[in-house]
Each structure stands twice: as structure tokens, then as C-alpha cells.
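These notes concern the structure reproduced below.
Every number here is computed from the coordinates shown, using simple stated rules; none is lab data. None of the values given here were measured: they were computed from a predicted structure. When we count neighbours, we look across all protein chains shown, and the Cβ atoms used for this are built from the backbone with ideal geometry, even at glycine.
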Ligand SMILES: [Zn+2]
């Protein structure tokens, strides 16, 4: 069942163009890869966002949860859908709140949301995490408001070896895992095969401009 929901989550992301595969992309780091993840492509599609929220709700339908929280910005919409579907599945109102960045870029619970969180069992959700930093900060803000973290769950984890419950220091999981290989330019098998660089995604355009200048 968890494998199934993982596949469904990745299928939704492919459907809305949040996952691109079989391409040749230059990353911010300068490394090359054949796949690209852009979770921003999901939220404009309400039907698919709702469906993603339903997958989270299915995962936690038998877990004792009072309230869902996410870090602004991506986590707000997702948190709403997860709470909406959890409410339906559980037959009781599950609330949704969000954490937002303060001037020091720490996630904090504002707007009086702490009243809803205090003493409650909280599920923290986020679309995507690179280092786990923002979800961890959001979870800490929930704890500071007196909430008990049940688990942190993101849609997709790209680096389960580097981002996990141990490194976050709290129960952490994801709907799906998508490991994306990347290579230094000299070792890139796609360059070796002369596969054209994608100029729409990542930094391919800049890469090619620079390459043409130096060659
Ligand atoms: Zn390459």
C-alpha cells in the first residue's frame, strides 16, 4: 500500500510536469542530471493538489492526529488539502495551520494559531525538502507553541540517506522517494552521447552561453 501511494504521488507529479525525466539538465551546482524536480508545478492544479492531500490523508487515516501544519508557502496549500481529506476520512474536523518565516528566517507560529496547536497532536507536511531545514524549523515552532509532533511527511524525498528521522531529529517520512543521479560535466554520460542540453529547465542556457564563449 505504501509502495502504491508512492507510485501514485510520483504519477501526479509527472502529470503536472513537476517531474521531468529523460532529459539533460544543468543544475545550480554545475552538475549534470537526466531528471528534474519542480514541486511549484503542482499547486496551480487544484484537482491534483487535492489528490496529493488525499494520499497523505490515506497514509494517516488510522493515526491519532488533531491538526495539520505546514511551513509557508508550499506547505500551506498542502496542509489544507491534507486536513480536508483527513476530516472526511476520520469523520471529525481536523484543523490546518501554517508556520511562516520571521525576520531571522526561522519558522514561527503567528496569527494566534498557537491556540489551536497547544496540547494537540500535530502532523507537519511539506511538498519538498532539500535539507530538511524548513520542515524541521516548522516542527520546532509547533513544539514551541505546545504541540506534539506526530510525524513530518513530505511528498518526495530526493536524498533519504541524507534527510531522514536521524538527521532531522524527529519522526520523518515521505510519500515517495526519487533518487536523481548527477555527474560532474567531465563524467556526464549524456554529454558523452552528445544529447542536447535542456535550455528550458535549470541552468542549461547559461551553461551553453559560457561554453560557446570559451570554445
Ligand atoms: Zn552533461
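Tabulated data for the structure shown
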item: 0 to 90° range, to nearest 10: angle between helix 2-15 axis and the chain longest Cα axis; result: 60
item: Spatial separation of Cα centroids for the range 155-179 and the range 1-50, in angstrom; result: 16
item: Approximate spin-label separation residue 179-residue 103, in nm, with each point projected 7 Å along Cα-to-Cβ; result: 4.5
item: Where a label projected 7 Å from the Cα of residue 62 along Cα→Cβ would reach, residues of the range 1-31 with amide N under 18 Å; result: 1-6
item: Efficiency of FRET between residue 90 and residue 162 - r from beta-carbon atoms, R0 30 angstrom, step 0.05; result: 0.35
item: Tail beyond 33 Å, pair distance distribution of the chain (Cα, percent); result: 22
item: Projected label distance in nm at residue 206 and residue 35, using a 7 Å step from Cα toward the beta-carbon; result: 2.5
item: Debye-sum result for the range 1-59 in log10 I(q)/I(0), which assumes one identical scatterer on each alpha carbon, at q = 0.25, 0.26 Å⁻¹; result: -0.98, -1.01
item: Debye-sum result for the range 55-168 in log10 I(q)/I(0), which assumes one identical scatterer on each alpha carbon, at q = 0.10, 0.16, 0.18, 0.23 Å⁻¹; result: -0.25, -0.65, -0.83, -1.32
item: Over the chain: helical MRE at 222 nm, DSSP H runs n ≥ 4 each giving -39500 (n - 2.57), nearest 500; result: -11000 deg cm²/dmol
item: Among 176, 112, 132: highest mean-square fluctuation, GNM of the chain, C-alpha pairs under 10 Å; result: 112
item: Selected from 154, 63, 163 as most flexible by GNM, with the chain as the system and alpha-carbon contacts under 10 Å; result: 63
item: Virtual spin-label span in nm between residue 47 and residue 131, 7 Å along Cα→Cβ; result: 3.9
item: Cα-based helix-to-principal-axis angle, 133-144 vs the chain, degrees rounded to 10; result: 10
item: Candidates 103, 89, 190: whichever shows maximal mean-square fluctuation once the chain is modelled as a Gaussian network with Cα springs under 10 Å; result: 103
item: In range of the label at residue 214: residues from the range 177-202 whose backbone nitrogen is under 15 Å from the point 7 Å along Cα→Cβ; result: 184-188
